[in-house]
Amino acid sequence: MIVAMQGIATEENIQQVIERMVELGFNVHRTTGASQTILAGVGTPDHFEVAEFKVLPGVHDAYRISSPYKLAGRSFRPEGTKITFPNGVVVGGQEITIMAGPCSVESREQILTSAKIVKAAGAQFLRGGAFKPRSSPYSFQGMGLEGLKLLREVSDATGLLVITEVMEISQIELMLPYIDCFQVGARNMQNFNLLRELGHVRKPVLMKRGISATIEEVLLSAEYILSGGNYDLILCERGIRTYETYTRNTMDISAIPVLKKLTHLPVFADPSHGIGIRDMVAPMALASVAAGADGLLMEMHPNPDKAMSDGAQSLYPQQLQDLIAKLRLLAPVVERTVA
């Protein structure tokens with residue numbers, strides 16, 4: 001159930017509604033927008049009348065939610081979610097957010113060089129894997145804790161924010177001092193135990209769509225994180241598995257406007273994994289922004305031909321610079337900006 005309070009509702013009015021919802025057996029999630037407070041009741045009480053809430057003091061409207069995702073649905077925060085990071089970067093606002101860097105942290109020199117390139121190009125986040133989920137157990141698995149320390153070191157030196165992938169619950173506490181945003185990879189989109197724990201963390205999370213996941217499954221996975229009280233969540237379209245084999249995945253551009261309609265959460269695109277071919281990353285990035293993406297997550301390596309992972313889909317430094325220059329020209333067309 002959703003209860004939308006009037007703009008003039010007092011705190012006493014709001015608390016009265018919350019108490020009644022809790023009394024009926026709802027788990028109440030409160031969000032305060034620019035003009036009103038929204039109360040989302042999650043749960044399945046045996047019996048309640050929506051009309052009872054419509055007449056309570058300070059209530060503007062109350063209605064049942066028919067969709068299975070209560071907190072991820074746009075009705076919970078109609079104006080959209082904006083996530084503000086400690087350095088002032090806002091995700092989900094008018095400005096397109098750029099996250100870029102190598103697939104893996106390989107050395108201090110490699111990640112420092114990458115950070116300088118990413119910063120000069122105009123991105124706000126440095127991405128790089130410290131823990132790497134690989135299809136083969138014999139492939140490079142990342143530098144682990146040392147990789148996290150290097151990410152923090154070079155990000156502090158350049159002013160970039162850090163996003164990196166968390167693979168299991170035991171890594172959460174280890175990563176907290178070193179990162180600004182957790183990344184949940186496609187393989188873990190339905191790792192519900194991990195998602196539930198990330199819901200208890202007060203640090204933003206970017207969750208990628210699973211390789212065979214429907215849009216409803218993406219939103220239900222998001223619900224696990226939101227239900228824990230962590231509302232700083234970003235969704236990311238990264239391509240899905242289809243019968244096409246020319247590209248690594250099929251980049252589902254249509255998912256972006258669909259998600260923007262269904263949810264209040266920021267929606268990003270990862271064209272590097274979405275298509276898996278370096279020369280096609282830029283067209284997919286531009287198409288994603290034109291479709292309404294709030295940001296891009298891309299792979300760039302100082303020397304992709306010698307990368308320890310995902311070199312074939314990693315942009316060359318000049319390609320990243322050229323792409324962001326084109327994004328600056330495109331953004332005003334869709335009423336957005338790029339730094």
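The values are calculated or read from the model by the stated rules, or taken from the named source; none is laboratory data. Nothing here was measured: the structure is a model prediction, and the numbers come from that model. Heads up, the Cβs are rebuilt from the backbone with ideal geometry, glycines too, and the neighbour counts pull from every protein chain shown.
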When restricted to Glu12, Glu49, the only residue over 17 Å from Phe76 (Cα atoms), at pLDDT 90 or above and of a type outside the set (S, T, N, Q) is Glu12
Selection within segment 64-121 - β-branched (Val, Ile, Thr), touching a residue at least 40 places away in the same chain (Cβ under 8 Å) and more than 22 Å from Gly228 (Cβ to Cβ): Val89, Ile96, Thr97, Ile98, Val105, Ile111, Thr113, Ile117, Val118
So how many residues does segment 19-60 have that are more than 30 Å from the chain's Cα centre (by Cα) and not aliphatic (A, V, I, L, M)? 15
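Please go through segment 115-139 and give me each residue that is among the aromatic types (Phe, Trp, Tyr) and either over 16 Å from Asp310 (Cβ atoms) or modelled with pLDDT under 70 (or both), ordered by number.
Step one: list which residues in segment 115-139 are among the aromatic types (Phe, Trp, Tyr), which gives 125, 131, 138.
Across segment 115-139, the qualifying residues are Phe125, Tyr138.
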Looking at (1) closer than 30 Å to Ala4 by Cβ; (2) at pLDDT below 90; (3) in contact with a strand residue (DSSP E or B) (Cβ under 9 Å, 6 or more places away or on another chain), which one does Ser66 not meet, given that it meets all the others? (3)
Quick check on segment 79-88. Is at least one of its residues over 22 Å from Ala130 (Cα atoms) and not in a loop (DSSP other than H, G, I, E, B)? yes
Give segment 247-260 a look and list any residue that's surrounded by fewer than 19 Cβ atoms within 10 Å (Cβ to Cβ) and under 16 Å from the mean Cα position of the chain (by Cα), or say none. Pro257, Val258
Output the residues belonging to segment 89-106 that are within 17 Å of the chain's Cα centre (by Cα), outside any strand (DSSP E or B) and of a type outside the set (A, V, I, L, M). Gly92, Gly93, Gln94
What number of residues within segment 154-168 are part of a loop (DSSP other than H, G, I, E, B), in contact with a Lys or Arg (Cβ under 9 Å, 6 or more places away or on another chain) and within 17 Å of Lys208 (Cα to Cα)? 1
I'd like to know if segment 262-279 contains one or more residues that are farther than 24 Å from Phe125 by Cα, within 17 Å of the chain's Cα centre (by Cα) and touching a residue at least 24 places away in the same chain (Cβ under 8 Å). yes
